[in-house]
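First the structure, in the form of structure tokens, and then the observations on it.
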Amino acid sequence: MNVHGYRIHQWGGPLRWEAFDVPEPQPGEVRIRVEACGIGLTVLNCIRGDLANAAATLPRVPGHEIVGRVESVGRGVTSPGVGDRVMAYFYLVCGACKACAEGQDSLCANLAGWVGVHRDGGYAPFAVLPARNAIALPDSIGAAQATAIPDAIATPLHVCKTRARITTGDVVVVIGAGGGVGIHMVEMATLLGGEVVGLEASEQKFDAIRHAGGTPIMSRSFDEIDLRSSWGASRPTVVIDLLGSQASLTWGMEALALGGRLVVLTTFRNVDLPMSPRDIVLRELTILGSRYASKAELTECAELVVSGRIHPVVSHVVPPEGVEEVHRALRDGTLIGRGALDWNL
Ligand SMILES: [Zn+2]
């Protein structure tokens, strides 16, 4: 099947709008007619080659936050079926190892890479993926809104519920609160009972942070952040760092209350977090890495959206020709929440 879509021909290179063939689904695979695909910083990181940059995997269609409908299935596929609405699971997991069997999918021992990096993604109108990467999605959620579920909402569920175990009484700081993952992190931590402050360097995102349930605080300079104005003498019990700079991580460690938890999610190379074992012991701190989410968490997030407990923040929805414009807004730090490419616009 010949289609028009976006591909990159070198890691870090430009998007090219071009015609190419989408293959028939092989045994164990499904072909998805893409309704919409999320546009966020992770896509830019993937395009840049931050996750992997082998030349052999080029050219590549980027975009991992795929929402669509199964159009055809390869041999041996019993689920999903033709016509089923699905969202893509980001990690190319084996489905057979101990972690996969136990539902800890993102810790798969035989990870084969990522959708949009090692397999073609949703910056084209069709995508062929392993059937186990197509997760059922209810029909009632609009396509662009739904693109926030498989990563921008699922990642916060994994952080807030599974890793940091946020509950009533927790005081939570989200660093980088106005972005695609950040704004849903504020919503999720609030939903679980946390009192949430969102640190954000762009004042135009403050209203969205308030709307998500958080109190915005300017974080252009970490030296000048005064949390006392928000909570008096109480310190955060949980700090979630989405910025991943040495300044933000150091600030997060220092800000924590006794017994506090620091959650880190960024994967930038060459960033160190200086820490003192004495300090960690005397303040009984916990440092938690958080890696994506499980398939069951994606399903739980879809239910949270259907029931109205989590509201996707997808502020900029564009037709195919608008993709570069959203990329620019991401690079400039002006995009509130997520963007999305809608193939039906
Ligand atoms: Zn596995």
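Details
- Residue count, the range 93-104 (criterion: in contact with a helix residue (DSSP H, G or I) (Cβ under 6 Å, 6 or more places away or on another chain) and more than 8 Å from the ligand (Cβ to nearest atom)): 1
- Annotation note: Cβ proximity below 6 Å between a residue of the range 105-118 that is under 11 Å from GLY95 (Cβ atoms) and open to solvent by less than 60 Å² (accessible area, probe 1.4 Å) and a residue that is within 15 Å of the ligand (Cβ to nearest atom) and in a loop (DSSP other than H, G, I, E, B) (sequence gap 6+ or interchain) occurs for ASP105/VAL93; ASP105/SER294; CYS108/VAL93; CYS108/CYS94; CYS108/CYS97.
- In the range 72-87, the count of residues that are part of a loop (DSSP other than H, G, I, E, B), away from the ligand (no atom under 16 Å from the Cβ), of a type in the set (Lys, Arg) and touching a Pro at 6+ places or on another chain (Cβ under 6 Å) is one or more.
- Enumeration of residues in the range 326-345 that are in a loop (DSSP other than H, G, I, E, B) and touching a Ser or Thr at 6+ places or on another chain (Cβ under 9 Å): GLY333, THR334, LEU335, ILE336
- The number of residues in the range 79-93 being open to solvent by 30 Å² or more (accessible area, probe 1.4 Å) and on the phi < 0 side of the Ramachandran plot comes to 3.
- Identity of the residue in the range 105-154, assigned to a helix (DSSP H, G or I), of a type in the set (Gly, Ala, Ser) and more than 19 Å from SER290 (Cβ to Cβ), that ends up farthest from the ligand (Cβ to nearest atom): ALA144
- Qualifying residue in the range 307-325 (condition: in a helix (DSSP H, G or I), polar (S, T, N, Q) and at pLDDT 95 or above): no
- Test: residue in the range 125-144 that is out of contact with any helix residue (DSSP H, G or I) (no Cβ under 6 Å at 6 or more places or on another chain) and over 20 Å from GLY83 (Cα atoms): no
- Helices (runs of 4 or more DSSP H) wholly inside the range 222-290 that include at least 3 residues being among the charged types (D, E, K, R): none
The values are calculated or read from the model by the stated rules, or taken from the named source; none is laboratory data. The structure presented is a predicted model; accordingly, all values stated were derived computationally and were not measured. All Cβ positions, glycine included, derive from the backbone under ideal geometry; neighbour counts span all protein chains shown. Only protein heavy atoms, including side chains, enter the accessible area calculation; ligands, DNA and RNA are left aside. Shrake-Rupley method; radii C 1.70, N 1.55, O 1.52, S 1.80 Å.
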